[in-house]
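**Student:** Sharing a structure here in structure tokens format.
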Amino acid sequence: MSANRPSEQLIRDARESDLPEILAIHNDAIAETTAIWDTEPVDLPERLAWWQARTAGGFPVLVAEIDGAVAGYASYGQWRPKSGYRFTVENSVYVADRFHRRGIATALLTELLARAERAGTVHAVIAAIESSNTTSIKLHEKFGFRTVGVLPEVGHKFGEWMGLTLMQLTLGTTELANADHDSVTSRR
């Protein structure tokens with residue numbers, strides 16, 4: 001059976017034992033792409049702290065596994081630290097180079113958005129994408145994300161100025177607004 005077949009992909013929660021492979025994907029994105037705007041690689045303790053913070057906060061960290069290898073990972077986390085943003089998250093999806101064009105990003109984002117819907121605490125999902133990354137922009141558009149803003153020349157990497165495209169998907173979580181309205185009303 002071909003490794004390109006989606007049936008061989010397993011999307012699952014990341015385990016601590018996956019962190020070295022997640023780290024390799026993350027550091028490759030730092031070194032080779034503008035998907036992550038850091039310029040220095042991170043170490044395993046940093047990725048462990050990231051994974052622990054995400055999972056302790058109730059945020060998913062998913063991996064795509066193919067033949068026992070971590071082919072990609074995805075997560076979402078807090079958009080901004082103010083309490084007014086508590087129903088908004090920012091997503092990220094990364095795929096190892098050798099697994100590109102196999103539908104892995106689509107599979108990861110499908111499960112990630114399903115988790116956001118099931119959580120019942122996510123109203124908006126934000127994707128902040130380097131503006132020339134048309135592959136990621138098209139992926140998000142396929143899921144219904146729409147561009148809500150472009151910030152030109154706000155980042156700098158590889159000797160170039162980079163723009164940031166902000167995309168948003170609003171989920172059907174109207175009960176959140178009602179619950180929030182009720183709590184505000186009761187405090188008055």
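Bear in mind that the values in this text are calculations on the coordinates, not laboratory data. The structure presented is a predicted model; accordingly, all values stated were derived computationally and were not measured. Cβ coordinates were reconstructed from backbone atoms using ideal geometry, including for glycine residues, and neighbour counts include every protein chain displayed.
**Student:** From the mean inverse distance of alpha carbon pairs (Kirkwood) and the Cα radius of gyration, derive Rg over Rh for the range 43-95.
**Tutor:** Rounded to two decimals, Rg over Rh is 1.04.
**Student:** Beyond 28 Å, what percent of the Cα pairs of the chain remain?
**Tutor:** Cα-Cα pairs of the chain separated by over 28 Å account for 27 percent.
**Student:** Could you calculate the contour length gain from V150 to T170, that is, 0.36 nm times the residue separation minus the distance between their Cα atoms, to one decimal place in nm?
**Tutor:** Separation in residues times 0.36 nm, less the Cα-Cα distance, equals 5.4 nm.
**Student:** Once you list every other residue whose beta carbon is under 14 Å from the beta carbon of Y76, what net charge do they have if Lys and Arg are +1 and Asp and Glu are -1?
**Tutor:** Neighbour charge sum, excluding Y76 itself: +1.
**Student:** Give, to the nearest whole percent, the P(r) tail of the range 98-177 beyond 21 angstrom, counting all Cα pairs.
**Tutor:** That fraction is 39 percent.
**Student:** A further question on this structure: Once the Cα atoms of helix 104-119 and of the chain are each reduced to a long axis, what angle between those two axes, in degrees from 0 to 90 to the nearest 10, is obtained?
**Tutor:** 20 degrees
**Student:** Report the label-to-label distance for F158 and T33 in nanometres (one decimal), using points 7 Å from each Cα along the Cα→Cβ vector.
**Tutor:** 1.1 nm
**Student:** DSSP loop (so not H, G, I, E, B), at most 16 other Cβ within 10 Å: list which trypsin sites (Lys or Arg not before Pro) in the range 5-73 pass both filters.
**Tutor:** R15
**Student:** For the pair E117 and D43, what calculated FRET efficiency results from E = 1/(1 + (r/R0)^6), where r is the Cβ-Cβ distance and R0 = 35 Å, to the nearest 0.05?
**Tutor:** The value I calculate is 0.55.
**Student:** Could you give log10 I(q)/I(0) at q = 0.15, 0.25 Å⁻¹ for the range 53-144, computed by the Debye formula over C-alpha point scatterers of equal weight, without solvent?
**Tutor:** The computed values of log10 I(q)/I(0) come out as -0.59, -1.38.
**Student:** Please give the calculated 222 nm ellipticity per residue for the chain, where each DSSP H segment of at least 4 residues contributes -39500 (n - 2.57) and the sum is spread over every residue; nearest 500 deg cm²/dmol?
**Tutor:** -11000 deg cm²/dmol
**Student:** Rounded to the nearest 5, what is the percent of antiparallel bridges among the DSSP beta bridges in the chain?
**Tutor:** Close to 90 percent.
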